[in-house]
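The values are calculated or read from the model by the stated rules, or taken from the named source; none is laboratory data. Since we're looking at a predicted model, the values are computed, not measured. Heads up, the Cβs are rebuilt from the backbone with ideal geometry, glycines too, and the neighbour counts pull from every protein chain shown.
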Amino acid sequence: MLALELAAKGVQIYECKARADEPTRFEWTFKAPEADLFDRPGRRIGKHYAGPTWESDDGSKVTAAVKARDNAPDSSAIPWLLLEAKSTTGSGVFSRTTSIQRAHTAGGNSPAETCGEAQAGQVSRIPYSATYYFYVSKP
């Protein structure tokens, strides 16, 4: 059952790193999201960060794992995701979350700049926005 719909605005953080399977080749590797979360009237009510974790200003949190992904309709946007809650804390808006859907993404894809040995360790912050839908079990 849909419990909450939030807009996210922030960045997807990437780091230029050597590939694990080919240490002489480098690529942009996703590091973490960093975004503010807004309710329908536009009030900031929390944040989204590495884990992936969503944390409300009321102290509740949910950490999830990707269950399914699909390309966004816009190829310049990060994929749409279905995530399964792995843990929740607190007694606020995220405390009963069982799954999360990321949709309506814009931006956020890995950098277009070169990633080679000379750029190793560089971090790039790519703007993105998305809508997150938070689902709970029926009471």
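Okay, here's what the table says:
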{"quantity": "Set F94, F30: member being closer than 18 Å to M1 by Cα and aromatic (F, W, Y)", "calculated": "F94"}
{"quantity": "From G46, G51, G42, residue being touching a Ser or Thr at 6+ places or on another chain (Cβ under 7 Å), modelled with pLDDT of 95 or more and in a loop (DSSP other than H, G, I, E, B)", "calculated": "G51"}
{"quantity": "Failed criterion for R43 (all others in (1) without any contact (Cβ under 8 Å) to a residue 24 or more places away in the chain; (2) surrounded by 12 or more Cβ atoms within 10 Å (Cβ to Cβ); (3) of a type in the set (K, R) hold)", "calculated": "(2)"}
{"quantity": "Counted residues, segment 86-104 - those being surrounded by 17 or more Cβ atoms within 10 Å (Cβ to Cβ) and either among the hydrophobic types (A, V, I, L, M, F, W, C) or part of a loop (DSSP other than H, G, I, E, B) (or both)", "calculated": "5"}
{"quantity": "Odd one out for H48, checked against (1) out of contact with any Leu (no Cβ under 9 Å at 6 or more places or on another chain); (2) of a type outside the set (F, W, Y); (3) crowded, with 19+ Cβ neighbours inside 10 Å", "calculated": "(1)"}
{"quantity": "Single condition R25 does not satisfy, out of (1) within 19 Å of Y133 (Cα to Cα); (2) free of Cβ contacts under 8 Å to residues at least 24 places away in the same chain", "calculated": "(1)"}
{"quantity": "Extreme residue, farthest from L81 (Cα to Cα), among residues of segment 106-127 that are surrounded by 12 or more Cβ atoms within 10 Å (Cβ to Cβ), polar (S, T, N, Q) and out of contact with any Cys (no Cβ under 6 Å at 6 or more places or on another chain)", "calculated": "S124"}
{"quantity": "Residue among S95, S99, S60 that alone is touching a Gly at 6+ places or on another chain (Cβ under 9 Å), farther than 17 Å from V11 by Cβ, polar (S, T, N, Q) and at pLDDT 95 or above", "calculated": "S60"}
{"quantity": "Only one of A118, A112 that is in a loop (DSSP other than H, G, I, E, B), out of contact with any strand residue (DSSP E or B) (no Cβ under 7 Å at 6 or more places or on another chain) and of a type in the set (G, A, S)", "calculated": "A112"}
{"quantity": "All positions within segment 51-78 that are small (G, A, S) and surrounded by 14 or more Cβ atoms within 10 Å (Cβ to Cβ)", "calculated": "G51, S56, G59, S60, A64, A72, A77"}
{"quantity": "Unique residue being under 18 Å from R40 (Cβ atoms) and among the hydrophobic types (A, V, I, L, M, F, W, C) when the list is A112, A103, A120", "calculated": "A103"}
{"quantity": "Only listed residue being surrounded by 13 or more Cβ atoms within 10 Å (Cβ to Cβ) and aliphatic (A, V, I, L, M), chosen from A20, A32", "calculated": "A32"}
